[in-house]
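A.B. asks: What follows is a single structure, and I will ask about it in a moment.
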């Protein structure tokens, strides 16, 4: 994780090293982020129930319909303020976030006030999943191997929900998530094949056996795999 003030390439804290290729870039869809991460729909339903209860309570007390409606007006205004603030936050988070996939790593750039970037090399990824929502929007969470971790609070909402102690970085509310998943799967597959070739080349020339694989790349991401919540 790194902080930076200058961004020579949008979404990246610096120029890519020689030989590394940028395969894909995307950002969260702010509307989906507002619903999935900031729960504007749940907040609206909650206030709606409060308004109905308030109006019913006033009517049961013998007041007129006009008085009952006015008594629920302040709750409606409060609801609009809460939903508006959450929607604005979702828009700001989506605007400040860029996901990048190269042929060597995943980069998550985020931060409304202080831009930060998290580099996730393919060797750190144990597995990746896919959760698809309506209109092709979805999430791609990644499970990290031992010795690799991210901070849930710092990276939120770019993490899988409710995984506080074993936080999983996630490309969240990505439009056309199938395309991003296919690109990531192919990049992981190519990186795995390259690593296996390198390890085979490090085998004992005398015996003709390859060196033992010490672990590294994740298996290719299956676009049909669902990341459970």
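The values are calculated or read from the model by the stated rules, or taken from the named source; none is laboratory data. Quick caveat: nothing in here was measured; it's all calculated off a predicted structure. For neighbour counting, all protein chains shown are included, and Cβ atoms are generated from backbone atoms with ideal geometry for every residue, glycine included.
A.B. asks: Being modelled with pLDDT under 95 and either more than 30 Å from residue 155 (Cβ to Cβ) or touching a helix residue (DSSP H, G or I) at 6+ places or on another chain (Cβ under 9 Å) (or both) is the requirement here; does residue 66 meet it? If you could, list the steps in order and put the result at the bottom.
C.D. replies: Details: modelled with pLDDT under 95: yes; either more than 30 Å from residue 155 (Cβ to Cβ) or touching a helix residue (DSSP H, G or I) at 6+ places or on another chain (Cβ under 9 Å) (or both): yes.
When the stated conditions are applied, residue 66 passes them.
A.B. asks: Going by the structure shown, is residue 101 part of a helix (DSSP H, G or I), modelled with pLDDT of 90 or more and either closer than 20 Å to residue 12 by Cα or more than 15 Å from the chain's Cα centre (by Cα) (or both)?
C.D. replies: On the way: part of a helix (DSSP H, G or I): no; modelled with pLDDT of 90 or more: yes; either closer than 20 Å to residue 12 by Cα or more than 15 Å from the chain's Cα centre (by Cα) (or both): yes.
It is false that residue 101 is part of a helix (DSSP H, G or I), modelled with pLDDT of 90 or more and either closer than 20 Å to residue 12 by Cα or more than 15 Å from the chain's Cα centre (by Cα) (or both).
A.B. asks: Now a separate question. Please find, among 171, 188, 153, the residue that is surrounded by 14 or more Cβ atoms within 10 Å (Cβ to Cβ) and modelled with pLDDT of 90 or more.
C.D. replies: Sole residue among the options that is surrounded by 14 or more Cβ atoms within 10 Å (Cβ to Cβ) and modelled with pLDDT of 90 or more: 171.
A.B. asks: I've got another one for you. Specify which of the listed residues (94, 82, 117) is buried (at least 18 other Cβ atoms within 10 Å of the Cβ) and in a helix (DSSP H, G or I). Walk me through how you get there before you give the answer.
C.D. replies: Working: 82 fails: buried (at least 18 other Cβ atoms within 10 Å of the Cβ); 117 fails: in a helix (DSSP H, G or I).
Every option except 94 fails the conditions.
A.B. asks: Can I ask one more? Tell me which residues, restricted to region 153-171, are under 17 Å from residue 99 (Cα atoms) and in a helix (DSSP H, G or I). So that I can check it myself, show each step before the final result.
C.D. replies: As a first pass, look at region 153-171 and keep what is under 17 Å from residue 99 (Cα atoms): 154-160, 168-171.
Those that are under 17 Å from residue 99 (Cα atoms) and in a helix (DSSP H, G or I): 154, 155.
A.B. asks: How many of the residues in region 128-152 are over 15 Å from the mean Cα position of the chain (by Cα) and either closer than 25 Å to residue 19 by Cα or assigned to a strand (DSSP E or B) (or both)?
C.D. replies: Residues that pass the stated criteria total 1.
A.B. asks: Could you say whether any residue in region 206-225 is at pLDDT 90 or above and either within 15 Å of the chain's Cα centre (by Cα) or surrounded by 14 or more Cβ atoms within 10 Å (Cβ to Cβ) (or both)?
C.D. replies: Kept after step one, since they are at pLDDT 90 or above, are these residues of region 206-225: none.
No, the conditions are met nowhere in region 206-225.
A.B. asks: If you don't mind, another one. Can you name the residue in region 19-65 that is in a loop (DSSP other than H, G, I, E, B) and over 28 Å from the mean Cα position of the chain (by Cα) and, of all such residues, is surrounded by the fewest Cβ atoms within 10 Å (Cβ to Cβ)? Quick ask: steps written out before the conclusion?
C.D. replies: Looking only at region 19-65, we keep the residues that are in a loop (DSSP other than H, G, I, E, B), and these are 19-21, 27-29, 37-39, 61-64.
Pick out the ones that are also over 28 Å from the mean Cα position of the chain (by Cα) and you get 61-64.
Values: 61: 10, 62: 7, 63: 14, 64: 10.
Restricting to residues being in a loop (DSSP other than H, G, I, E, B) and over 28 Å from the mean Cα position of the chain (by Cα), the top hit is 62.
A.B. asks: Oh, and also: Might you check whether a residue that is under 30 Å from residue 71 (Cα atoms) and at pLDDT 95 or above occurs anywhere in region 16-27?
C.D. replies: To start, the set of residues in region 16-27 that are under 30 Å from residue 71 (Cα atoms) comprises none.
No: region 16-27 contains no residue that is under 30 Å from residue 71 (Cα atoms) and at pLDDT 95 or above.
A.B. asks: Identify, by number, the condition in (1) surrounded by fewer than 18 Cβ atoms within 10 Å (Cβ to Cβ); (2) in contact (Cβ under 8 Å) with a residue 40 or more places away in the chain that residue 163 doesn't meet.
C.D. replies: Condition not satisfied by residue 163: (2).
A.B. asks: Could you please find all residues in region 174-185 being surrounded by fewer than 19 Cβ atoms within 10 Å (Cβ to Cβ), in a helix (DSSP H, G or I) and touching a helix residue (DSSP H, G or I) at 6+ places or on another chain (Cβ under 7 Å)?
C.D. replies: Restricting attention to region 174-185, the residues satisfying the condition of being surrounded by fewer than 19 Cβ atoms within 10 Å (Cβ to Cβ) are 175-176, 178-179, 182-183.
Applying the additional criterion that residues be in a helix (DSSP H, G or I) yields 178-179, 182-183.
Residue satisfying the conditions is 178 alone.
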